[in-house]
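The values are calculated or read from the model by the stated rules, or taken from the named source; none is laboratory data. In this text the structure is predicted, and so the values were computed from the model without any measurement. Reconstructed Cβ throughout: ideal geometry from the backbone, glycine too, with neighbour counts over all protein chains shown. In case anyone asks, the SASA skips ligands and DNA or RNA and just uses the protein heavy atoms, side chains included. Shrake-Rupley method; radii C 1.70, N 1.55, O 1.52, S 1.80 Å.
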Amino acid sequence: MLKFFSRLEKTRNAVILVFGIVLVLSMILVGASVLDFRGGSVVSARSTEPVAKVGSGAVTVGDLVLQKENMARFSGRAPASSFLLDGLIRQRIIAQEAERLGFTASDQEVAAEIREQYRSTDGTPFDIKVYEQNVTEQFGSVKAYEDMVREEIAARKLEAFITAGVTASEAEVLEKFQKNNSKFDLSYVALSVPDLAQSIKPTDEELKNYFEANKANYAIRDPQKKIRYIFVNTSKIGEKLQISEADLKAEYDKLPEERKQAGIQGQQIVLRIAKPEFEGDVLAKASEIAANARKDGGKISEQAFAELAQGHSEDPNTARNGGKIPGLVRENPNNPGDPYQRLLSMQEGEVTEPIKYGERYYILRRGASVPKTFEDAKKEIEVSLRNRRAYAVAAELAQKITEDLKQTKDVQATAQKFAAEANMNVKDMIRETDYVKPGDEVPNVGISPQFEEGIAGLNNPNDVGEKIPIKDGFGIPLLVDKRDPRDATFEEVKDKVAEAVKLDKARAEIEKIANEIASGSANAAALAAIAQSKGVKAQDAKNFILGSPLGSGPSAGTTEELENAIFALKPGEVTKTPIRIGENWYIVGVNSREEASMEEFNKQRDQLMQAALMQKRAQVFTDYISSVRRRMEADGKIRIYKEALNKVDNLDADAGI
């Protein structure tokens with residue numbers, strides 16, 4: 001590094017001396033960034049213990065720890081060690097392949113690259129001390145960083161050499177544009193095993209035969225209890241509560257600023273994982289895009305991110321709009337795994353690391369916050385305040401009912417006594433279960449550990465339990481009867497047997513039925529009637545764009561095979577072969593289609609051609625490096641040391657990375 005910048009400063013010797021003192025002191029005072037002692041060994045960013053052998057080189061524990069720390073520093077968390085290790089192995093393979101083919105980077109090239117990366121926006125001269133401090137914090141040492149820059153330059157030369165002959169024709173770019181921008185009016189049948197099972201009606205003989213063959217599976221091994229309980233509905237109590245305008249305004253004023261938002265805007269870049277074996281390569285590509293987006297202090301402008309999205313994102317619905325996520329992102333505690341929830345804890349302009357969700361990787365950018373006025377929030381605040389107050393009143397009332405029922409042992413009389421206060425009629429307050437055991441789904445309660453715990457101590461008829469929080473309110477239970485463990489009778493488990501038989505028959509018949517629907521549909525208009533004759537229902541999708549999931553709910557999905565099949569259909573045609581996505585089968589008919597605008601294509605032509613060329617080159621290079629890796633693995637030149645990898649994983653668990 002020193003000779004790279006020898007012309008930058010006349011007083012370099014003094015700078016070197018001061019920097020040397022500062023560096024030594026910082027190492028003494030700060031030490032390694034992560035230290036963990038396990039069995040006498042040190043797991044740290046300075047560890048040279050190999051975690052993987054890669055040809056003539058290695059990936060060390062220190063390399064992996066440092067990578068995880070950098071990812072966690074920017075986003076608060078880091079991907080699994082195995083994924084990061086895949087990326088580091090890929091880097092080593094590229095570096096060795098570049099060296100094998102004679103691609104290197106000169107000192108001058110490295111210096112020029114660093115000057116460009118650290119070029120100030122206000123024209124101030126290059127500050128060597130700031131540079132050294134920054135790279136030491138992020139990469140462990142100046143040498144480590146400059147070696148990485150040298151490898152990156154050599155990697156670009158290797159990629160340019162490998163992909164020199166790659167071209168993108170206007171015909172294939174046009175076809176992709178047409179696929180991404182044409183709209184379809186579809187009729188389709190999405191067959192899933194659970195849905196198909198509902199249309200199957202097994203005979204009693206089939207059910208009895210199945211029960212006899214699987215009788216042991218239906219033995220009742222826990223005591224069964226019949227429970228009569230008094231239900232207190234929180235919502236009914238809430239209807240009586242008076243909430244004033246002043247109460248609502250006071251609630252609004254108490255909200256923290258982040259809760260006074262209607263939501264936030266966001267952008268995304270989406271990369272698909274076409275096959276499981278490609279996941280490592282997709283992650284590597286996503287990491288490169290994310291690193292590019294975050295190179296200026298972890299933030300990027302909306303326009304700059306939009307250009308990245310248009311060039312790299314594989315979600316055509318958002319890519320054409322610069323990756324803009326439709327609507328606003330709001331807090332959703334019921335779905336913490338939703339990657340968009342990450343945006344809520346970020347600052348405007350910040351970009352995430354690649355986030356895997358389903359079969360895709362997402363790179364997200366936090367946009368501007370959209371404020372929520374008192375009038376906008378008023379209804380939401382009223383619902384929240386009413387629910388909280390109603391819950392408190394309901395809990396107090398349920399306690400009074402519990403104490404009374406313990407005295408009377410008469411559910412009817414106690415319900416009658418408190419019906420007016422509960423704002424309910426007696427009939428709705430009294431509920432009774434069938435004979436239930438732990439793990440059973442109880443009507444109006446569901447599968448509830450709290451309910452099971454609440455009735456566990458009831459062993460004699462007329463025993464009364466404490467109030468139990470259940471769906472929509474509270475229940476105060478009384479034991480009616482109890483049955484000891486025994487072999488179940490057919491009638492007791494008939495419903496469960498029926499569900500099992502229907503699912504088995506659906507799994508066996510789904511492909512056959514899908515083929516019959518596809519072959520029997522002469523055109524799109526006939527699809528619904530054929531589906532109905534098989535006991536299933538056809539659905540419609542208006543203005544469908546390829547790349548969007550087809551269907552609804554968790555079973556919705558898409559694949560390249562499905563998209564190509566739809567694109568090839570003319571109006572009125574139906575896929576003659578059903579297409580399988582996971583455990584679902586799709587038969588699709590096109591009622592009409594709106595072709596993409598050639599005028600719009602001509603406007604975007606140059607940009608689309610460049611983006612297509614970049615994507616093809618990236619794919620060719622990815623395939624090339626993947627083939628090199630497979631060859632090295634077959635020759636035993638790549639080896640992962642599980643014990644060393646486990647040390648890093650154990651460190652993650654303790655540090656919360």
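In the stretch 312-370, the qualifying residues are those that are crowded, with 18+ Cβ neighbours inside 10 Å, assigned to a loop (DSSP other than H, G, I, E, B) and of a type in the set (S, T, N, Q), and the one that is farthest from the chain's Cα centre (by Cα) is Ser313. Does Gln607 fit the bill of being over 28 Å from the mean Cα position of the chain (by Cα), at pLDDT below 90 and over 19 Å from Ser82 (Cα atoms)? Spelling it out, Gln607 is indeed over 28 Å from the mean Cα position of the chain (by Cα), at pLDDT below 90 and over 19 Å from Ser82 (Cα atoms).
Of all residues in the stretch 551-565, those being open to solvent by less than 50 Å² (accessible area, probe 1.4 Å) and part of a loop (DSSP other than H, G, I, E, B) number 4. Looking across the stretch 99-135, the residues that are assigned to a helix (DSSP H, G or I) and closer than 20 Å to Asn292 by Cα come down to Glu109, Val110, Ala111, Ala112, Glu113, Ile114, Arg115, Glu116, Gln117, Tyr131, Asn134, Val135. Checking Leu613 against (1) within 21 Å of Ser82 (Cβ to Cβ); (2) part of a helix (DSSP H, G or I); (3) in contact (Cβ under 8 Å) with a residue 12 or more places away in the chain; (4) over 25 Å from the mean Cα position of the chain (by Cα), which single condition isn't satisfied? Leu613 satisfies all of (1) within 21 Å of Ser82 (Cβ to Cβ); (2) part of a helix (DSSP H, G or I); (3) in contact (Cβ under 8 Å) with a residue 12 or more places away in the chain; (4) over 25 Å from the mean Cα position of the chain (by Cα) except (1). Filtering the stretch 508-515 for residues that are loosely packed, with under 15 Cβ neighbours inside 10 Å and of a type in the set (Lys, Arg) leaves a non-empty set.
The criterion of at least 3 residues that are more than 22 Å from Lys236 (Cβ to Cβ) and open to solvent by 20 Å² or more (accessible area, probe 1.4 Å) is met by the following helices (runs of 4 or more DSSP H) wholly inside the stretch 394-481: 449-455. Scanning the stretch 202-222 for residues that are in contact (Cβ under 8 Å) with a residue 24 or more places away in the chain and open to solvent by 50 Å² or more (accessible area, probe 1.4 Å) gives Glu206, Lys208, Tyr210, Lys215, Arg221, Asp222. Taken over the stretch 574-610, the criterion of being outside any helix (DSSP H, G or I) and over 30 Å from Ala528 (Cβ atoms) is satisfied by Ser597 alone. The set of residues in the stretch 578-595 that are within 31 Å of the chain's Cα centre (by Cα) and either closer than 23 Å to Val270 by Cα or open to solvent by 60 Å² or more (accessible area, probe 1.4 Å) (or both) comprises Arg580, Ile581, Gly582, Glu583. Exactly one residue out of Lys542, Lys496 is modelled with pLDDT under 95 and assigned to a strand (DSSP E or B): that is Lys542. Output the qualifying pairs, or none if there are none: Cβ atoms under 9 angstrom, residues six or more apart or on different chains, first residue in the stretch 524-535 and closer than 14 Å to Ile513 by Cα, second residue part of a helix (DSSP H, G or I) and among the polar types (S, T, N, Q). Listed by first residue and then by second, the contacts come to Gly535/Gln198. On the given criteria, is Ala284 under 24 Å from the mean Cα position of the chain (by Cα), at pLDDT below 90 and not charged (D, E, K, R)? Against the criterion (under 24 Å from the mean Cα position of the chain (by Cα), at pLDDT below 90 and not charged (D, E, K, R)), Ala284 qualifies.
Consider the stretch 523-539 and keep the residues that are of a type in the set (S, T, N, Q) and part of a helix (DSSP H, G or I). The one that is least open to solvent (accessible area, probe 1.4 Å) is Ser533.
Among the residues making up the stretch 129-169, none is within 20 Å of Arg92 (Cβ to Cβ), of a type in the set (S, T, N, Q) and open to solvent by 70 Å² or more (accessible area, probe 1.4 Å).
Note on the stretch 255-278: residues that are assigned to a strand (DSSP E or B), crowded, with 17+ Cβ neighbours inside 10 Å and of a type in the set (A, V, I, L, M, F, W, C) amount to 4. Checked against the criterion of being surrounded by 14 or more Cβ atoms within 10 Å (Cβ to Cβ), over 31 Å from the mean Cα position of the chain (by Cα) and small (Gly, Ala, Ser), the stretch 643-656 has no qualifying residue. Note on the stretch 630-642: residues that are open to solvent by 50 Å² or more (accessible area, probe 1.4 Å) and either touching a residue at least 40 places away in the same chain (Cβ under 8 Å) or touching a strand residue (DSSP E or B) at 6+ places or on another chain (Cβ under 7 Å) (or both) total 4.
Filtered by the rule that a residue be in contact (Cβ under 8 Å) with a residue 40 or more places away in the chain and among the small types (Gly, Ala, Ser), the stretch 292-307 gives Ala293, Gly298, Ser301.
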